[in-house]
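Reading through the structure tokens given below for one structure.
The values are calculated or read from the model by the stated rules, or taken from the named source; none is laboratory data. Note that the coordinates shown come from a computational prediction; the quantities given were computed from them, not determined experimentally. When we count neighbours, we look across all protein chains shown, and the Cβ atoms used for this are built from the backbone with ideal geometry, even at glycine.
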Amino acid sequence: MAPELRRVVAVGVGAGDPEHMTVAAIRALNDVNVIFELKRTTADLTAAREAIVQRFVQRIPPPRVVPVHEPHRDRRASAYTQAVSDWRSARADAWEQAIGAELGAGESGAFLVWGDPSLYDSTIAVLDEIRARGRVRFDFTVVPGISSIQALTAAHRIALNRLAGAVQITTGRLLAANGWPQGATDLVVMLDGRGAYRSALTEPVDIYWGAYLGTPDELLVAGPLAEVAAEIDRLRETARERNGWIMDTYLLRSRAAE
Ligand SMILES: C[S@@+](CC[C@H](N)C(=O)[O-])C[C@H]1O[C@@H](n2cnc3c(N)ncnc32)[C@H](O)[C@@H]1O
């Protein structure tokens, strides 16, 4: 790598429990010149990221902390894929500007990524897009993080896969739109704003559900889906009213495959 090239690192910081920060993540945050602090519309997640920086960055002098204001995403847009792609490009604009303005030649900067950067997160795609534009030159690396799936399986004390079995990861949107995927036996569902597990109520499945995993608000429910779905509905509703938002992840495990 040319010595004058800027360096960016996408640091997975775990999905809620600060103790899920890895040694590599702590080292990366203490190594850089700049920490880009993403200001999101979900204030609680912004606060969680700020708390991680306060707790784990101990270098003196500390890295400069630079706020990056994230563009608003239109969640009502009917064309979902197009809306996400537009939002990604708008993020690339904001990050490109910040990297170009804040990192001098040879300097490095970090973006904190919720959970693991490889899982339903656009940080890597945004950094790729900025590099492809070619206006601001930098190299980037990725530090893996504990994902919400790992937090879920640990909280329920289960293995993610069954003996020599396969696991499919999908979204609430796809499950609600297409129903149970053909041939799947073990299904992890993320990004579910609507309780898509209800569309699997007719399947013989167990659910392992978790919300606000790794935080003091953590909620866990496990059991036959048909028996516990109403309880999950009720917990989601109450939690959403109390906190204004909910993040849940669950594993649906077919009993037919046993
Ligand atoms: C944009 S994705 C980010 C996933 C993240 N990169 C990861 O590794 O977990 C957001 C989704 O992750 C899941 N998620 C993230 N944090 C969570 C938590 N603390 N508890 C439950 N689900 C969580 C939810 O399904 C949420 O809709």
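Looking at VAL228, is it in contact with a strand residue (DSSP E or B) (Cβ under 7 Å, 6 or more places away or on another chain), within 18 Å of ALA159 (Cα to Cα) and more than 12 Å from the ligand (Cβ to nearest atom)? Considered against the rule, which asks whether it is in contact with a strand residue (DSSP E or B) (Cβ under 7 Å, 6 or more places away or on another chain), within 18 Å of ALA159 (Cα to Cα) and more than 12 Å from the ligand (Cβ to nearest atom), VAL228 comes out as no. Of the residues making up region 198-233, those that are part of a loop (DSSP other than H, G, I, E, B), within 18 Å of ILE246 (Cα to Cα) and without any contact (Cβ under 8 Å) to a residue 40 or more places away in the chain are PRO216, ASP217. Evaluate region 26-42: report whether one residue or more is on the phi > 0 side of the Ramachandran plot, assigned by TED's automatic domain parsing to the domain that holds ALA92 and in a strand (DSSP E or B). Checked region 26-42: no residue is on the phi > 0 side of the Ramachandran plot, assigned by TED's automatic domain parsing to the domain that holds ALA92 and in a strand (DSSP E or B).
Answer yes or no as to whether VAL143 is within 30 Å of ASN30 (Cα to Cα), more than 23 Å from the chain's Cα centre (by Cα) and not acidic (Asp, Glu). Please lay out each step first, then the result.
Working: within 30 Å of ASN30 (Cα to Cα): yes; more than 23 Å from the chain's Cα centre (by Cα): no; not acidic (Asp, Glu): yes.
No; evaluated as a whole, the condition is false for this residue.
Looking at ASP233, ASP192, ASP217 in this structure, which one is of a type outside the set (A, V, I, L, M, F, W, C), farther than 30 Å from ASP31 by Cβ, within 13 Å of the ligand (Cβ to nearest atom) and surrounded by fewer than 16 Cβ atoms within 10 Å (Cβ to Cβ)? Break it down stepwise before answering.
Values: ASP233 fails: within 13 Å of the ligand (Cβ to nearest atom); ASP192 fails: surrounded by fewer than 16 Cβ atoms within 10 Å (Cβ to Cβ).
Going through ASP233, ASP192, ASP217 in turn, just one is of a type outside the set (A, V, I, L, M, F, W, C), farther than 30 Å from ASP31 by Cβ, within 13 Å of the ligand (Cβ to nearest atom) and surrounded by fewer than 16 Cβ atoms within 10 Å (Cβ to Cβ): ASP217.
For region 195-207, a residue qualifies if it is closer than 18 Å to VAL167 by Cα and either surrounded by fewer than 21 Cβ atoms within 10 Å (Cβ to Cβ) or not assigned by TED's automatic domain parsing to the domain that holds ILE169 (or both), and the qualifying residues are GLU203, PRO204, ASP206.
Given the condition surrounded by fewer than 17 Cβ atoms within 10 Å (Cβ to Cβ), modelled with pLDDT under 90 and of a type in the set (S, T, N, Q), answer yes or no: does some residue in region 118-128 qualify?
Just the residues of region 118-128 that are surrounded by fewer than 17 Cβ atoms within 10 Å (Cβ to Cβ), to begin with: 118, 120, 124-125, 128.
So of that shortlist, the ones also modelled with pLDDT under 90 come out as none.
No, region 118-128 contains no residue that is surrounded by fewer than 17 Cβ atoms within 10 Å (Cβ to Cβ), modelled with pLDDT under 90 and of a type in the set (S, T, N, Q).
How many of the residues making up region 131-171 are away from the ligand (no atom under 16 Å from the Cβ), outside the structural domain of VAL13 (by TED's automatic domain parsing) and β-branched (Val, Ile, Thr)? Adding up the residues that qualify gives 0.
Scanning region 240-258 for residues that are within 16 Å of the ligand (Cβ to nearest atom) and either part of a loop (DSSP other than H, G, I, E, B) or modelled with pLDDT of 95 or more (or both) turns up GLY244, TRP245, ILE246, MET247, ASP248, THR249, TYR250, LEU251, LEU252.
Scan region 174-187 and tell me whether some residue there is at positive phi, within 16 Å of the ligand (Cβ to nearest atom) and not in a strand (DSSP E or B). No, region 174-187 contains no residue that is at positive phi, within 16 Å of the ligand (Cβ to nearest atom) and not in a strand (DSSP E or B). Suppose the filter is modelled with pLDDT of 90 or more, over 22 Å from ARG131 (Cα atoms) and crowded, with 16+ Cβ neighbours inside 10 Å; does VAL68 pass it? So VAL68 does not fit the description; no.
Filtering region 170-189 to residues that are under 24 Å from ALA239 (Cβ atoms), crowded, with 18+ Cβ neighbours inside 10 Å and in contact with a strand residue (DSSP E or B) (Cβ under 7 Å, 6 or more places away or on another chain) leaves THR170, GLY172, LEU175, LEU187, VAL188, VAL189.
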